[in-house]
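Note sheet for the following structure.
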Amino acid sequence: NDEHNGSSISTTSDNKRQSLLRSRRLSSEGPQFLFDPKSVEEKSNYLHHSHDKPLRRKFVSYTSSEWEKIWIEHVDTWAENREICDRLNHPGHMQYVHDFLNLTCSVRYQAPHNNWCIIDDEVVPLWYNTAARDEYQLFWVEPEVLANTKLDGTVQPVVPTEKDEHIVSKFVFEDERTGEQYVEYIEPLVSHLRFPLCHCVAGTPSEGRYQYSPVKFRGWVIPPPPSMRQERRLYFDAGASDWNNGSGGPSLKYFVNVWGRAGIRFDDIYAFEKDTSADSFYQTVPKEYKLIANYQQCAVSSQPEDHSKEHPFLPYLIKEKARDDDYVLFKLDIDSPHVENGNIDFILQDPDTHIDELVWEHHVAGNYLMTEWGDPKFLDQVTLRGSYDYFLKLRQKGIRAHSWV
C-alpha cells in the first residue's frame, strides 16, 4: 500500500453507489458473472464528444491474451477452492509464467550465465533463472553463482511484440491524423491481480526484511511503449506523501524512473495526500523535478458533486488540466474503498475520459491471499471475480488499467 488518504469526504446518505452490482458481492449464492468470461475481445462502443482535431490515440479494441482468457474463465473456481497457487505451480501454467517472467527481464547477464536476468522495478530487484523451466528459481539478493559475472548492458524497457501475444494482452489504437492503426501491449489479468507468484513462491531469502518482497514487487507491470503518441505527459497520484518512500514502496520515484525507461518524461506531476504537509513533501522532491511537481495536502472526494478546490474529485480535475491529445497517468491508492470506487465508477461511466493509464490497488475481501490488507470487513466487499471485472471493463474502455501494490 502507498500512503493512506485517511478520512474521506462524506456524501449525502441518499447518494448510494449504484454500480456495486449484486453479481460482484460476496454471498452464499456463489460468484456470478457481470460478463461472459469468454467475451474477451471488446471493440470500442463508447460515445465520445466531438474533438477540435483528429486524435492520435483513438481506442479501437482490446483483446485478452491466451493466458488471460484461461484465468477469466476459471478464476471463480480457483479462488473459491483456494487453489490459485496450485495452478501456478502446475506444469502447464508454469510455462506461461516462465514466458512472462522472461519477457519482463530488465537486464541480462553475460555468458556463461546469460540464462540469468534481473527484473528491476526500481525498488525490489528480482533475480531470475530463465533456464529452470520446471521450477521457479527466484532470488531477492544476487545469487552467489553470479558474483563475478557482468551484466550485459543496462536496464531496458519491457517492449512486448507479436510473439508474446499468448501471455500479454493487446490494445489497438488509431491515429486519426494518418489513419494508421497500431498496437500496445499490457500485462495480463491473471492470478490474484498482484505479482502472479506473490504468496505462492517465496523466493530466496524468504525471511527478515525480504519477507514482504513478493508483496511489494511491481516488476510485472508493463508500461506503455516508447512510441506513445501523445503531446504533453501528465501524472496524477492520489496517495503520495514522499518521493522516495512509501509503505508499499514509492510511487512517484517508480513512475518517473520506470516510465522514463520508455522515454516518457512527465511535463507535470500532481500529487495528493491527506496527512503530509506541503513543506514536508517538497523536501523529498529531487531538484530536477521541483518545477513540475505540484502537491496538495487534502482528502480527495469520492463523488463529482463534492468536487472543490479544497477537496478535488480527481477525474474532474484531470478534465480541467488535460487536453485531448495529452497522455494522462492516474495512480489511485488511498486505502479507502468508498473513495476509490467512487472515482473508478465515475471513470467507467464517463463517455469522454482523458485518462490513458490507470494504476489502482483494489483492496477486495475476496482475495484470500492478501492477508496484509487486514480485516476483510474494511475492504471492498467483492469477490476476486469482481476485481477482474473492474480492470477488464476499464481496459475495454481503452484505458491501460493496472493492478497495484
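The values are calculated or read from the model by the stated rules, or taken from the named source; none is laboratory data. Keep in mind that what you see is a predicted model, and the values were worked out from it rather than measured. Neighbour counts are summed over all protein chains in view; Cβ atoms, including those assigned to glycine, are modelled from backbone coordinates with ideal geometry. Ligands, DNA and RNA are excluded from the accessible area calculation, which covers all protein heavy atoms including side chains. Shrake-Rupley method; radii C 1.70, N 1.55, O 1.52, S 1.80 Å.
Filter the range 271-327 down to residues that are under 24 Å from the mean Cα position of the chain (by Cα) and basic (K, R) and give me whichever is farthest from D237 (Cα to Cα). Only one residue fits best here, namely R323.
Each residue in the range 283-293 was checked for being assigned to a helix (DSSP H, G or I) and surrounded by fewer than 13 Cβ atoms within 10 Å (Cβ to Cβ), and 3 pass.
Only residues that are in contact with a strand residue (DSSP E or B) (Cβ under 8 Å, 6 or more places away or on another chain) and either surrounded by fewer than 20 Cβ atoms within 10 Å (Cβ to Cβ) or not in a loop (DSSP other than H, G, I, E, B) (or both) were counted across the range 87-104, and they come to 2.
When W78, W127 are checked against the criterion of being outside any strand (DSSP E or B) and aromatic (F, W, Y), a single residue qualifies: W78. Identification of helices (runs of 4 or more DSSP H) wholly contained in the range 294-405 with 2 or more residues that are touching a Pro at 6+ places or on another chain (Cβ under 8 Å) and modelled with pLDDT of 95 or more yields 314-321, 337-349. Scan the range 105-124 for residues that are in contact with a strand residue (DSSP E or B) (Cβ under 8 Å, 6 or more places away or on another chain), touching a residue at least 60 places away in the same chain (Cβ under 8 Å) and over 21 Å from H166 (Cβ atoms) and the total you get is 2.
When the range 386-402 is filtered for residues that are more than 18 Å from R57 (Cβ to Cβ) and buried (at least 23 other Cβ atoms within 10 Å of the Cβ), the ones remaining, listed by number, are G386, S387, Y388, Y390, L392. Within the range 209-220, the residues that satisfy the criterion of being more than 19 Å from F100 (Cβ to Cβ) and open to solvent by 60 Å² or more (accessible area, probe 1.4 Å) are R209, Q211, Y212. With respect to the conditions (1) hydrophobic (A, V, I, L, M, F, W, C); (2) on the phi > 0 side of the Ramachandran plot; (3) not in a loop (DSSP other than H, G, I, E, B), L193 falls short on a single one, namely (3). Of all residues in the range 264-319, those being free of Cβ contacts under 8 Å to residues at least 12 places away in the same chain and closer than 13 Å to D242 by Cβ number 2.
Please enumerate the residues belonging to the range 230-268 that are more than 19 Å from W127 (Cα to Cα), assigned to a loop (DSSP other than H, G, I, E, B), open to solvent by less than 50 Å² (accessible area, probe 1.4 Å) and not aliphatic (A, V, I, L, M). Passing the criteria: Q230, G239, S241, D242, W243, G246, G248, P250, G263, F266. Of the listed requirements (1) farther than 30 Å from T353 by Cβ; (2) polar (S, T, N, Q); (3) in contact with a Lys or Arg (Cβ under 6 Å, 6 or more places away or on another chain); (4) surrounded by 15 or more Cβ atoms within 10 Å (Cβ to Cβ), S61 misses just one: (1). Of the candidates L151, L197, L193, the single residue that is in contact with a Phe, Trp or Tyr (Cβ under 8 Å, 6 or more places away or on another chain), crowded, with 16+ Cβ neighbours inside 10 Å, among the aliphatic types (A, V, I, L, M) and under 30 Å from P112 (Cβ atoms) is L197. Residues in the range 71-86 that are within 21 Å of Q396 (Cβ to Cβ), in contact (Cβ under 8 Å) with a residue 60 or more places away in the chain and out of contact with any strand residue (DSSP E or B) (no Cβ under 8 Å at 6 or more places or on another chain): 3 in all. Please specify each residue of the range 321-355 satisfying the condition of being closer than 24 Å to R218 by Cα, surrounded by fewer than 23 Cβ atoms within 10 Å (Cβ to Cβ) and of a type in the set (D, E). Matches in the range 321-355: D335 only.
Of all residues in the range 92-107, exactly one satisfies the criterion of being out of contact with any helix residue (DSSP H, G or I) (no Cβ under 9 Å at 6 or more places or on another chain) and hydroxyl-bearing (S, T, Y), namely T104. Within the range 128-171, the set of residues being among the polar types (S, T, N, Q) and over 22 Å from E187 (Cβ atoms) comprises N148, T149, T154. If you go through the range 196-221 and keep only what is in a loop (DSSP other than H, G, I, E, B), small (G, A, S) and modelled with pLDDT under 95, you end up with A202, G203, S206.
Put simply, of V382, V364 the only residue that is without any contact (Cβ under 8 Å) to a residue 40 or more places away in the chain and crowded, with 23+ Cβ neighbours inside 10 Å is V364.
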